Amino acid sequence: MSDNVVAPSLVELRQRKSEKWRGFPSDVLPLPVAEMDFPIAEPIKASLRDMIDRSDTGYLGAIPELKESFASFAMRLWGWHLDPNHVRIASDVGVAAVEILRVLIKPGDKVLIDTPVYNNFFNWLNEVKAEIIEVPMRREDLHYTYDLIGIENAYKSGVKVHILCNPQNPTGTVHAKADLQKIADLALEFGVTVISDEIHAPLTYVTEEFHPFLAISDSARRVGITITSASKSFNIAGLKCAIIVSQDERLNDLLATMPMAVHYRASLFGGVASAAAFAHGSSWLTTALGQLDENRRLLDSLIRSRIPAIKYRIPDCSYLAWLDLSALNLGDNPAATLLERGRVALNAGHTYGAPYSQFVRMNFATSPELITDGIERILKAI
């Protein structure tokens, strides 16, 4: 059976019940929420149908098949060897990050993030009452790299935790191995714990090479904790299951102090579906990446031909486009202007860091027709 990654029609999509399709009026084209419009993989559907057919709808308990399937998946994709016993479960990466931070810091401690960065990083840090230290990434055109000198200076100032977005959301950057190695060495030197959010990693395009933080070096394993999920790569965010990995005895002892509810609040459906995704979803993932590759290049072509004033760098991974609209003169909040004038919803750039108010984030994990419609709506609004 061939893998179906063809997005349904707009009429069909508007029948969905997710926030993406219920969060805006019916005349708005919603392209902000990071979920794909593609049908999910058949092995995932089969695992869920089996659960429903057997009325197996209780609470999540032990789920060794998820830990084992993720360990095998990580070895196949990245050559990352990990013990399934080092894998823990949480309901989503946000909950994982917050609960890890609760055992690592106290209110007022400094936590470093590299902006522009996934906007929920700010929410997580506010929830644990951390002092947020921002180190903007170095930018050449729209190519972003870590500011290693800025990171070192922040570490020297007393940062306790550094949360990486690896790969980077919203820029779509796959980080260089040498930069990650330097961060690991600096973290070990200054006693900083690194939490690496790697949720978009399986969506790295074949032209790039993703490096799991914990697979970088002994230094990385001594200071690092990975949080990830099948939710973005296999389009199952609503099923609520994420993964926490540490390969260091000291850090594992700390993670063992998290409440048992961190595991049990995850969904049984999410755990089973994630195990099926990691074990049997690789063919679907490859097909999806092929479609996303076409989509990211279609977007580039449309921008060049229809609105060349927009600056766009084809991302290294995932399905999120980071668009610089500075030349369009759309006011202080271009996303709000585009929503009002063009009836297209995009993520506002300032939510990823204050200096990025002239940017928007656009989801292109949909049909070519809707990508084209999105660009036409932007054109209408300017």
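Which residue out of T337, T286, T351, T257 is of a type outside the set (D, E) and in a loop (DSSP other than H, G, I, E, B)?
Values: T337 fails: in a loop (DSSP other than H, G, I, E, B); T286 fails: in a loop (DSSP other than H, G, I, E, B); T351 fails: in a loop (DSSP other than H, G, I, E, B).
The unique qualifying residue is T257.
I113 falls short on exactly one of the conditions (1) aliphatic (A, V, I, L, M); (2) in contact with an Asp or Glu (Cβ under 9 Å, 6 or more places away or on another chain); (3) assigned by TED's automatic domain parsing to the domain that holds P368, and that condition is (3). In the stretch 327-352, the residues that are surrounded by fewer than 18 Cβ atoms within 10 Å (Cβ to Cβ) form Cβ pairs under 7 Å with partners that are of a type in the set (V, I, T), at six or more places apart or across chains, as follows: G331/T337; R343/V28. The strands (runs of 3 or more DSSP E) found wholly in the stretch 127-184 and carrying at least 1 residues that are free of Cβ contacts under 8 Å to residues at least 40 places away in the same chain, over 20 Å from the mean Cα position of the chain (by Cα) and at negative phi occupy 131-134, 138-140.
Take S282 and decide whether it is hydroxyl-bearing (S, T, Y), more than 20 Å from P170 (Cα to Cα) and out of contact with any Asp or Glu (no Cβ under 6 Å at 6 or more places or on another chain). So S282 fits the description; yes. With respect to the conditions (1) under 30 Å from E35 (Cα atoms); (2) assigned to a helix (DSSP H, G or I), I199 falls short on a single one, namely (2).
If we keep just the residues of the stretch 367-376 that are part of a helix (DSSP H, G or I) and more than 16 Å from D324 (Cα to Cα), which is nearest to the chain's Cα centre (by Cα)?
Step by step, filter the stretch 367-376, then rank; the result is I371.
For R54, the stated conditions hold: it is charged (D, E, K, R), out of contact with any His (no Cβ under 8 Å at 6 or more places or on another chain) and without any contact (Cβ under 8 Å) to a residue 12 or more places away in the chain.
Of the residues making up the stretch 92-123, those that are assigned to a loop (DSSP other than H, G, I, E, B), of a type in the set (D, E, K, R) and crowded, with 19+ Cβ neighbours inside 10 Å are D92, D114.
Among the candidates D253, D248, which residue alone is of a type outside the set (G, A, S), without any contact (Cβ under 8 Å) to a residue 12 or more places away in the chain and in the same structural domain as K67 (by TED's automatic domain parsing)?
Numbers: D248 fails: without any contact (Cβ under 8 Å) to a residue 12 or more places away in the chain.
Of the residues listed, the single one that is of a type outside the set (G, A, S), without any contact (Cβ under 8 Å) to a residue 12 or more places away in the chain and in the same structural domain as K67 (by TED's automatic domain parsing) is D253.
The values are calculated or read from the model by the stated rules, or taken from the named source; none is laboratory data. Note that this is a predicted model, so its numbers are computed, not measured. Please note: Cβ atoms are built from the backbone with ideal geometry, for glycine as well, and neighbour counts cover all protein chains shown.
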